[in-house]
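A.B. asks: Submitted below is the structure of interest, expressed as structure tokens.
The values are calculated or read from the model by the stated rules, or taken from the named source; none is laboratory data. Keep in mind that what you see is a predicted model, and the values were worked out from it rather than measured. Counting neighbours? That spans all protein chains shown, and the Cβs are built from the backbone with ideal geometry, glycine included.
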Amino acid sequence: MLIRSCLDPVALGLSNSLARPGGNVTGSAGFGPEAYAKRLQFLKEAVPGITRVGVLVNPANTASAMQVEAMRAAAKALNLRLQVLELRAASEFENGFAAMARGRIEGIMVATDTLFRANYSEIADLAGKQKLPSTGTKEFAAAGGLIGYGVDDAAMYRHAAYFVDRILKGANPDELPIEQATKLELVLNLKTAKALGIAIPQSLLVRADDVIR
């Protein structure tokens with residue numbers, strides 16, 4: 001089985017270790033907890049006065065609990081209060097954002113999930129309508145979110161061909177170490193910042209790997 005996990009596959013119980021996965025598993029892993037912490041940090045830097053952040057999670061995703069745990073630890077260090085919003089389908093997005101408005105949420109963070117990934121543009125649009133600064137993956141920023149941070153997902157999916165090739169040539173999955181991404185990139189969407197009336201600090205701009213204007 002090939003995996004592409006945003007969290008530690010060992011912590012998720014998918015493998016014995018990165019070097020020796022065991023069983024019938026191999027693939028690529030990202031930097032889940034570290035990425036969540038940095039996304040919140042960048043959101044706080046972009047909007048220093050923010051105190052309440054809504055987190056979009058899909059409870060059907062077994063990794064959601066671990067994602068929320070990582071976010072709560074990061075939020076505590078940044079003096080941010082998190083409100084977890086569970087969404088199971090795109091049809092729930094509008095009501096979810098309405099609930100965040102009632103809860104006086106000042107910004108949002110989008111957890112990593114295929115449901116959200118397939119609807120990044122809609123989520124970014126809803127956040128924009130409510131004037132909410134937002135953060136998520138690099139692809140989320142490209143779709144209209146304010147801040148994106150993480151690995152190059154497209155490159156990691158393409159790299160899956162390497163594992164397929166090795167396995168088709170006779171290698172056992174448990175003999176192929178799970179590879180961890182080596183680079184995380186920061187993307188800032190200045191078009192969204194302008195629409196929200198947010199002036200991104202120069203100290204954050206100079207650290208960006210990509211700026212969408």
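A.B. asks: Do we find a residue being farther than 22 Å from Ile212 by Cβ and polar (S, T, N, Q) anywhere in the range 123-138?
C.D. replies: So far as the range 123-138 goes, no, none of its residues is farther than 22 Å from Ile212 by Cβ and polar (S, T, N, Q).
A.B. asks: Okay, moving on. How many of the residues making up the range 67-90 are part of a strand (DSSP E or B) and over 22 Å from Glu139 (Cα atoms)?
C.D. replies: 3
A.B. asks: Same structure again: So which strands (runs of 3 or more DSSP E) stay within the range 131-213 end to end and still have 1 or more residues that are in contact with an Asp or Glu (Cβ under 6 Å, 6 or more places away or on another chain) and modelled with pLDDT of 95 or more?
C.D. replies: Filter on the range 131-213 gives 185-189.
A.B. asks: Based on this model, can you work out whether Phe93 counts as more than 25 Å from Glu185 (Cα to Cα), in the same structural domain as Val206 (by TED's automatic domain parsing) and either hydrophobic (A, V, I, L, M, F, W, C) or not in a helix (DSSP H, G or I) (or both)?
C.D. replies: It is true that Phe93 is more than 25 Å from Glu185 (Cα to Cα), in the same structural domain as Val206 (by TED's automatic domain parsing) and either hydrophobic (A, V, I, L, M, F, W, C) or not in a helix (DSSP H, G or I) (or both).
A.B. asks: In the range 189-211, what residues are among the hydrophobic types (A, V, I, L, M, F, W, C) and surrounded by fewer than 16 Cβ atoms within 10 Å (Cβ to Cβ)?
C.D. replies: Ala195, Ile198, Ala199, Leu204, Leu205, Val206, Val211
A.B. asks: Same structure, new question: List, please: which pairs have Cβ atoms under 9 Å, are six or more places apart or on different chains, and start with a residue in the range 190-211 that is over 15 Å from Gly49 (Cβ atoms) and end with one that is of a type in the set (Ser, Thr, Tyr)?
C.D. replies: That search, which allows pairs on different chains as well, returns Thr192/Ser134.
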